[in-house]
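One structure is given below, encoded as structure tokens.
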Amino acid sequence: MSSTTPTPPQPSVARMYDLYLGGDFATPTDRAAVEAVAKAMPDCFALCRENRSFLRRAVRYMISQGVTQFIDLGSGLPTQNNTHEVAQAAYPGAKVVYVDMDEAVRDLGTKLLAADGSTRIICADVRDPAAVLANPELRGLIDFRKPVGVLLMCVACFFTDAEIGSIMGTIRNALPAGSFIAATHDTFDGKRDEVETVRRVEEVYSQTPIPIYFRGKDSVARIFEELQLVEPGLVMLHEWHVELDDNAPEASNWLYGAVGRWDGGKAAPKRARSASVSSVGRVWKLASGLPRTLVSIAGYYVRSAYAHLKPVGNMKRF
Ligand SMILES: C[S@@+](CC[C@H](N)C(=O)[O-])C[C@H]1O[C@@H](n2cnc3c(N)ncnc32)[C@H](O)[C@@H]1O
């Protein structure tokens with residue numbers, strides 16, 4: 001190819017994901033890629049809705065544990081039901097830094113969030129986590145002396161096996177004790193008879209700048225090494241505290257998810273304390289029927305009432 005031949009455009013993973021969710025920022029190239037995925041995997045749209053529901057539940061859980069600042073790694077386009085909206089509905093003033101390597105996220109997101117001083121968007125590659133965490137924009141908003149909630153929703157599926165351990169280790173070690181990491185990941189475990197589906201979806205994503213990987217539970221569990229998992233542990237998304245969201249999502253069985261607590265590297269308690277999240281869920285359910293100001297007040301009481309609760313489960317059991 002001569003140096004003057006234009007490079008054919010690649011589909012953008014961020015815009016594809018926005019299209020699955022009903023957004024309208026996709027280019028014809030993105031649309032073609034989404035159509036190819038949908039042909040192979042018709043429930044790709046349900047998968048994305050389920051993923052967003054898990055994000056809402058994880059953020060609400062973390063707020064109930066006293067977390068008021070979040071780093072959303074591989075955030076995607078901030079167009080619908082975003083992390084800062086979910087967080088600030090429960091805790092007004094909650095801070096959120098969105099990080100994505102796709103420039104479209106920064107360009108569009110900066111316009112969408114410009115008026116809100118408690119959110120920032122930075123364009124960076126999570127595969128260089130030290131640089132992301134040292135970013136002055138991020139450090140200007142996130143106070144690393146206080147617990148941080150880190151989200152990686154459908155993002156580690158874009159890391160290679162060789163990258164997962166070191167990326168997660170760097171992130172974990174930068175966080176103060178009491179921080180949480182929530183993550184979801186594509187899996188074929190619930191779809192053992194759909195090998196061809198997985199192959200075709202991986203093939204479509206191989207045309208994007210970042211190939212996708214479906215993984216089994218043991219490989220996904222590496223994301224949460226050294227963390228104490230909140231009950232019920234690493235499970236299919238529909239098995240993780242659906243009571244923390246208003247609408248129980250459809251079960252796609254394509255995604256694992258978990259929330260893990262970082263204790264700063266101290267020995268993890270062996271014994272799980274059940275009921276903790278279920279109780280938060282009941283209070284949340286109650287509060288979500290109230291007007292916004294009352295929800296904020298309810299949020300305060302949820303945080304106060306459950307501040308003492310520890311997450312449960314020890315990652316090492318996987
Ligand atoms: C499937 S979308 C998920 C978006 C969002 N986390 C959610 O679950 O709603 C994956 C996003 O992660 C971003 N991404 C993937 N690998 C990344 C990396 N190494 N660094 C930064 N962003 C990344 C993509 O650009 C895309 O926006």
Quiz item: Any residue at all in segment 187-207 that is at pLDDT 95 or above and in a strand (DSSP E or B)?
Solution: yes
Quiz prompt | segment 114-142 - residue that is more than 19 Å from the chain's Cα centre (by Cα), of a type in the set (A, V, I, L, M) and over 24 Å from residue 177 (Cβ atoms) and, of those, farthest from the ligand (Cβ to nearest atom) | solution = 115
Practice problem: Restrict the check to segment 88-98 and report whether at least one residue is charged (D, E, K, R) and either buried (at least 24 other Cβ atoms within 10 Å of the Cβ) or within 16 Å of the ligand (Cβ to nearest atom) (or both). | Solution: no
Quiz item: Which one is modelled with the lowest pLDDT among residues in segment 46-73 that are more than 12 Å from the ligand (Cβ to nearest atom) and either under 17 Å from residue 198 (Cβ atoms) or among the small types (Gly, Ala, Ser) (or both)?
Solution: 46
Practice problem: Report, by residue number, each residue of segment 70-102 that is over 16 Å from residue 138 (Cα atoms), in contact with a Leu (Cβ under 9 Å, 6 or more places away or on another chain) and part of a helix (DSSP H, G or I). | Solution: 86
Quiz item: If you go through segment 74-87, how many residues are more than 12 Å from residue 55 (Cβ to Cβ) and within 9 Å of the ligand (Cβ to nearest atom)?
Solution: 1
Quiz prompt | Residues located in segment 143-178, provided they are over 15 Å from residue 225 (Cβ atoms), away from the ligand (no atom under 13 Å from the Cβ) and buried (at least 20 other Cβ atoms within 10 Å of the Cβ) | solution = 147, 148, 149
Quiz item: Out of all the residues in segment 143-152, which are more than 16 Å from residue 129 (Cα to Cα) and touching a strand residue (DSSP E or B) at 6+ places or on another chain (Cβ under 7 Å)?
Solution: 143, 146, 147
Quiz prompt | Unique residue being within 26 Å of residue 134 (Cβ to Cβ), touching a strand residue (DSSP E or B) at 6+ places or on another chain (Cβ under 9 Å) and not in a helix (DSSP H, G or I) when the list is 59, 105, 67 | solution = 67
Quiz item: Pick from segment 198-232 the residues that are within 21 Å of residue 39 (Cα to Cα) and of a type in the set (Ser, Thr, Tyr): which of them is surrounded by the most Cβ atoms within 10 Å (Cβ to Cβ)?
Solution: 205
Quiz item: Out of (1) β-branched (Val, Ile, Thr); (2) over 17 Å from the mean Cα position of the chain (by Cα); (3) crowded, with 19+ Cβ neighbours inside 10 Å, what's the single condition that is false for residue 195?
Solution: (3)
Quiz item: Can you name every residue in segment 209-233 that is part of a loop (DSSP other than H, G, I, E, B), more than 16 Å from the ligand (Cβ to nearest atom), touching a strand residue (DSSP E or B) at 6+ places or on another chain (Cβ under 8 Å) and not charged (D, E, K, R)?
Solution: 216, 227, 230, 233
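The values are calculated or read from the model by the stated rules, or taken from the named source; none is laboratory data. Source: prediction; values computed, not measured. We place every Cβ from the backbone using ideal geometry, glycine too, and count neighbours over all the protein chains shown.
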